[in-house]
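Input: a single structure, listed below in structure tokens.
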Amino acid sequence: MVLIILLVAGWALPGCSTNPATGKTQFNLMSPASEISLGISASPQFLESYGGEIPSATITQYVAALGQRLAAASERTDLPWSFSVVDSKTINAFALPGGKVFISRGLLAKLENEAQLAGVLGHEIGHVTAQHVGQQMSRGMVVQGLAIGLGIAGSKSNEQWLQTLGVGVQVGGTVYLLKYGRGQEIEADILGVRYMSRLGYDPQAQLQVMRILQQAAGNRPASLEFLSTHPLPQTRIKRLEEHLQEHYAHGKDSATYRTNAGIFRDTVRANLDKLPPPKHGQKATDKN
Ligand SMILES: [Zn+2]
């Protein structure tokens with residue numbers, strides 16, 4: 001309820017501001033306090049619906065530590081960032097506003113090195129720093145009209161509002177299903193590359209992740225949830241290739257970029273192999 005009041009109160013503000021990550025003027029009715037509140041409230045629900053955290057403290061701590069270093073290299077170091085590995089066979093990663101980032105065990109198992117993991121986490125951090133959810137929800141509120149916003153405030157719970165973030169939900173007769181647009185995906189790719197390269201990771205790894213996902217989509221499209229929430233058209237790959245060529249190919253640092261394949265193998269691969277089967281994503285009834 002507190003969140004809804006904040007959102008509705010936000011309506012009175014002009015809603016236009018300059019985003020610190022993209023430098024663009026954006027329309028966003030969600031205040032930083034609302035983003036944080038939303039992320040904290042929605043986080044347990046997301047964790048639960050994806051099988052909870054994987055039962056490996058080593059992997060959990062490794063991913064969280066890398067995520068925190070990337071977040072510290074971003075423009076929004078003030079957020080309460082957290083990074084979780086969910087015990088799901090599906091291949092996905094997602095982020096809630098306010099800095100709650102999740103990667104599935106299924107996606108982690110597809111990656112080959114630390115730089116690729118930095119690419120995935122950096123991309124999700126990019127969605128948060130660029131405030132993509134706030135912009136989408138703000139636009140949705142405008143399309144639906146403030147009346148519906150008030151209707152939600154009056155009759156729907158905070159929980160139901162939160163579901164609009166990633167799970168389809170019936171709100172005021174409209175199903176909201178959050179899916180990033182192509183422009184937002186490209187923006188998150190570019191921001192992800194920025195953060196990982198600041199830590200010395202090879203930006204080419206971001207491109208390798210896309211190829212891994214494409215290949216996985218060819219083999220087992222049903223488990224590739226990532227591509228339904230993060231569209232990967234050919235134009236996105238092309239745009240990233242151009243960006244890397246333009247900004248990272250000729251830098252004097254390119255020879256010193258690292259991938260940390262050995263650390264990744266010893267920490268993630270070796271421990272994943274020891275775990276029991278994932279709790280989520282095995283049954284046909286699980287979301288995927
Ligand atoms: Zn994305």
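Before moving on, here are some points about what is shown:
- On the basis of the beta-carbon distance and an R0 of 25 Å, R139 and A65 show a calculated FRET efficiency of 0.10.
- Rounded FRET efficiency, nearest 0.05, which uses the C-beta distance separating I237 from R198 and R0 of 30 Å: 0.85
- Each of R258 and E48 was given a label point 7 Å from its Cα along the Cα-to-Cβ line. The distance between the two points is 4.1 nm.
- When you count the other C-beta atoms within 10 angstrom of each residue and take the mean per peptide, 195-204, 238-247 line up highest first as 195-204, 238-247.
- Unsatisfied cross-links (Cα-Cα over 24 Å) in the set K110/K279; K100/K279; K24/K110; K100/K274; K89/K274: K24/K110; K100/K274
- Equivalent-ellipsoid semi-axes of the stretch 26-114, from the Cα gyration tensor, Å, largest first: 23, 16, 11
Where a number appears in this text, it was derived from the coordinates with a stated rule and is not lab data. On a predicted model such as this, the values are computed, not experimentally measured, just so you know. Quick reminder, even Gly has a Cβ in these numbers, built from the backbone with ideal geometry, and neighbours come from all protein chains shown.
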